[in-house]
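The values are calculated or read from the model by the stated rules, or taken from the named source; none is laboratory data. These numbers were taken from a predicted model, which means no experiment stands behind them. Cβ: placed from backbone, ideal geometry, glycine included. Neighbour counts: every protein chain shown. Side chains are part of the model used for accessible areas, which takes the heavy atoms of the whole protein and leaves out ligands, DNA and RNA. Shrake-Rupley method; radii C 1.70, N 1.55, O 1.52, S 1.80 Å.
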Amino acid sequence: PGAEPEFCDKVIANDAVAKLRLLAANHAKTAQPFFMACGFRKPHLAFRFPAPWLQKFPDLESIPVAKHPTMDLSVPPIAHHDAAPQLDPYVPVTPHIARQWRLYYMATIAWMDSQLGRVLDELEALQHHKDTLVVLHADHGWSLGEHGDWQKFTNWELGARVPLIIRAPWIESRSHTHTHTHT
């Protein structure tokens, strides 16, 4: 009671923190560089996160639903693969279900992000945040009811778009202001 459950991403973060400590200790003794990969599982289904994470978001009725909740009739059924919550992409799910899935997605992402934060905090505590390249990427995008799609099983833009973030602290950040002139 009162303890946070051992969800898979917490177990993965715990393991990553322990490995970072071993790698940093080895680096201190040998100056040997290190590489570590850490693969979080969420937001893959089932959406699992500690219940208190729901309190970080607006109430269910405030969650927006997809602007286009069904697949266009011109698109053949073969373009749809999801099993749930929208078995028929031409018929929208209820707004309640759509909001619930979107809320659970947000809570799952926030939970996973907190676990990633633990790993990055440990990197800083070990004083390797200024000499370590950090690369974040995903294996696929995610749909939240747009055009009758949920999850990741399409070649549509939302399913194929993959985030990629690279932090190389030794490269100076440059911000450019672009001014576009139309003639």
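See the values below:
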{"read-out": "Hits in the range 120-168 - residues which are crowded, with 17+ Cβ neighbours inside 10 Å, part of a loop (DSSP other than H, G, I, E, B) and among the aliphatic types (A, V, I, L, M)", "value": "L126"}
{"read-out": "Every residue from the range 45-63 that is in a helix (DSSP H, G or I) and among the hydrophobic types (A, V, I, L, M, F, W, C)", "value": "A51, W53, L54, L60"}
{"read-out": "Residue among A16, A25, A46, A31 that is without any contact (Cβ under 8 Å) to a residue 60 or more places away in the chain and under 21 Å from the mean Cα position of the chain (by Cα)", "value": "A46"}
{"read-out": "Residues of the range 1-18 classified as assigned to a loop (DSSP other than H, G, I, E, B), at pLDDT 65 or above and over 19 Å from L45 (Cα atoms), total", "value": "1"}
{"read-out": "Qualifying residue in the range 43-62 (condition: under 30 Å from K130 (Cα atoms), out of contact with any Pro (no Cβ under 8 Å at 6 or more places or on another chain) and modelled with pLDDT under 95)", "value": "yes"}
{"read-out": "Cβ-Cβ under 6 Å pairs, at least 6 apart or on other chains, the range 156-170 side hydroxyl-bearing (S, T, Y), far side exposed (fewer than 11 other Cβ atoms within 10 Å of the Cβ) and part of a loop (DSSP other than H, G, I, E, B)", "value": "none"}
{"read-out": "Cβ pairs under 9 Å, 6+ apart, first in the range 113-138 and polar (S, T, N, Q), second part of a strand (DSSP E or B)", "value": "T132/R167"}
{"read-out": "Count - residues of the range 75-101 that are surrounded by 18 or more Cβ atoms within 10 Å (Cβ to Cβ) and assigned to a helix (DSSP H, G or I)", "value": "3"}
{"read-out": "Count of residues meeting criterion [in contact (Cβ under 8 Å) with a residue 12 or more places away in the chain, open to solvent by less than 80 Å² (accessible area, probe 1.4 Å), more than 15 Å from A98 (Cβ to Cβ) and among the aliphatic types (A, V, I, L, M)] in the range 51-74", "value": "1"}
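Okay, residues lined up against (1) more than 30 Å from A18 (Cβ to Cβ); (2) under 14 Å from the mean Cα position of the chain (by Cα); (3) modelled with pLDDT under 95:
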residue: P77; (1), (2), (3): yes, no, yes
residue: H96; (1), (2), (3): yes, no, no
residue: R99; (1), (2), (3): yes, no, no
residue: L116; (1), (2), (3): no, yes, no
residue: D121; (1), (2), (3): no, no, no
residue: A125; (1), (2), (3): no, no, no
residue: D139; (1), (2), (3): no, yes, yes
residue: S143; (1), (2), (3): yes, yes, yes
